[in-house]
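Here the structure comes first, spelled out in structure tokens, and everything after it is commentary.
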Amino acid sequence: MNTKGFAIAIMAAGKGTRLKSKRPKVLHEIGGQALLLHVIAAAKTLVPADQIYCIIGHEADRVKATVESTGIRFVLQEEQLGTGHALQMVKAYFALSGEPVPQNLLVLSGDVPLIKPETIASIAQLHLAERAAMTILTAVPKDPNGYGRVLRRTPDGPEVTAIVEQKSLKPDQLSAPEINSGIYCFETSALFSKLDLLSTDNAHREFYLTDVAAMLVADGRRVVAVKAQSVDEVLGANTIAEMMHLDAAMRLETASRLMASGVTIFRPETCIIDAQVTVEPDTIIEPFVQLLGATKIGSDCRIRSYSVIQNSVVADNVTIRNGCILDGAEVSNGAILGPYSHLRPESRIGEGAHIGNFVETKKVTIGKGSKANHLNYLGDAVIGAGTNIGAGAITCNYDGVHKHQTTIGDGVFVGSDSTLVAPVTLASGSYIAAGSCITEDVPEGALALGRSRQTTKPGWVATKKAKQEAKKAVEETQR
Ligand code: UD1
Ligand code: CA
């Protein structure tokens, strides 16, 4: 729809007392992202960022720092005296800044994060069609307890007479089923004309934005309600339990979207998949997998149980066996990881390479078809193609002060339990004997042995045993 003449205010200044948490409510996360960021994302699909006014107050700096990059504007509500007071601050902001007052103001709540852009657009549309002064988005959930209730003039008509907060419900209103979502569209001048008339004469001693409804009705203005398509979309997050309910709903939606596009997810309710994650068709995800942040997974991959993959890019045909942890890694086509590989930031695993059990990598590039299958640490290294890193071999990249680079060419064989003391270069085709401590560069095709030569003493065990027994015999005769 055309949202010209509309601005959006997002109320996000509250503390969220019911959460019993140090973190401001709107920074709690669902689907891997702060509540407020979900609301801002929805708002940005309807109006430009500079037409979005976010009301902040409790821990304002922290909230601002988290969402600043979205380019929206901020309105400070230093003391949080209620939702009506929050909008008073918006009115004052326009008066002070001289920015043009938008004709219509959509008001969203920072703690109602599943709201869809289509739904916000539909209330804006209805608001214009109904020539309303205020349009309220509502729902009829299974349990309306805790929400403000919207009272209609007639059961089937759109007109509203008032919004009554939970604590102010009269006994005969307690069963009123239709809740106020906290999402509204206002004719801005009508809203602004009533804000200064609000009082705190109520159960919470707060300025209620919801009181504006009855005030407008008293003036003969039209206040209408529209039910949201889905109840889940307008559920608030006032407690951790409510938040986790929304988190589950959001992740299930993400999993459903992926499954609809051809991804197989076994037991999707056990997987934690962030909203921005992409997975290509024919990839199979086993139970208890986490795909987080900006992760992208290609097609025909298999991701086995208990793997946690964050901000990583995985190409096609990759097998990630059980229990791998990837963070900021890039994995090329056909690679095989795990079980229990730990790929830390800037790990780049080449085509068809194998990274195996208990191998940790960091800032490393591993070439096509190379293998590090057992118990390695590979950090600050470039490893060529077709190289084999034996069991237990490690790069010693840190001298206690600085990090140093290890360079390993193509087709190198690094024997088991070798320690490669960086900076060091093993040229292509070189061969490192098992158990070597390598401190000097190894030229192409050379064999390097960096360990003391083995000494073997034939018959040593029998001789030692005979000596011990003789000693014992002497001791016994002396007793
Ligand atoms: C509010 C509504 C209630 C509705 C419910 C829907 C009022 C009086 N009540 O109640 O009818 O059913 O939302 O979820 O509006 N905020 C500020 N400044 C303040 C106080 C709150 O910015 O001074 C922000 C909060 O951060 C939050 C939003 O406004 O994002 C709603 O506040 P909250 O205290 O959660 O209101 P509810 O009790 O849920
Ligand atoms: Ca709330």
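Only the coordinates and a few stated rules stand behind these numbers; no lab work does. Here the structure is a predicted model, which is why all the values come from computation and not from measurement. Note that each Cβ is placed from the backbone with ideal geometry, even for glycine, and that neighbours are counted across all protein chains shown.
Gain on full extension, evaluated as 0.36 nm per residue between ASP143 and THR439 minus their Cα-Cα distance, stands at 99.6 nm. The residue among ASN145, VAL39, THR188 whose Cα reaches farthest toward the positive pole of the charge dipole of the chain, with charges on the beta-carbon of Lys, Arg, Asp and Glu, is ASN145.
Taking label points 7 Å from Cα along the Cα-to-Cβ direction, ASP50 and ARG453 give a separation of 8.0 nm. For the listed peptides 332-340, 153-161, a ranking on the average number of other beta carbons within 10 Å per residue, highest first, reads 332-340, 153-161. Partners of LYS464 within straight-line reach, counting lysines whose Cα lies under 27 Å from its Cα and excluding those fewer than 8 residues away in the same chain: LYS472. A simple spin-label model places the labels of GLN229 and ALA214 3.4 nm from each other, with each point 7 Å out along Cα-to-Cβ. What lysines could a cross-link reach from LYS471, if we take a straight Cα to Cα line under 30 Å and drop same-chain neighbours fewer than 8 places away? Partners found: LYS457. Segment GLU29..LYS467, full-extension length gain: 150.5 nm, with 0.36 nm per residue of separation and the alpha-carbon distance subtracted. Excluding residues on the same chain fewer than 8 positions from LYS64, give the lysines whose Cα lies under 19 Å from its Cα. Hits, sequence-local ones excluded: LYS15, LYS22, LYS25, LYS44. For a paramagnetic label modelled on ALA41 (point 7 Å from Cα along Cα→Cβ), amide N atoms under 18 Å away belong, within region 245-269, to 245-261.
Residues whose amide H comes within less than 5 Å of that of GLN310, counting only those at least five positions distant or on another chain, are LEU292, LEU326, ASP327, GLY328 (H built at 1.01 Å from N in the peptide plane).
In this calculation the C-beta distance from ASP316 to MET259 is compared with R0 = 22 Å, giving a FRET efficiency of 0.75. The slack in the chain from ARG267 to GLU159, taken as 0.36 nm per residue of separation less the alpha-carbon distance, amounts to 34.4 nm. Approximating the spin labels as points 7 Å out from Cα along Cα→Cβ, the VAL401-to-ASP282 distance works out to 5.5 nm.
Label point 7 Å out from THR239 along Cα-to-Cβ: which residues of region 133-152 have amide N under 11 Å? The answer is 146, whose backbone nitrogens lie closer than 11 Å to the label point.
Helical content of the chain, expressed as a calculated mean residue ellipticity at 222 nm, amounts to -6500 deg cm²/dmol (DSSP H runs of 4 or more residues, -39,500 (n - 2.57) each, divided by residue number, nearest 500).
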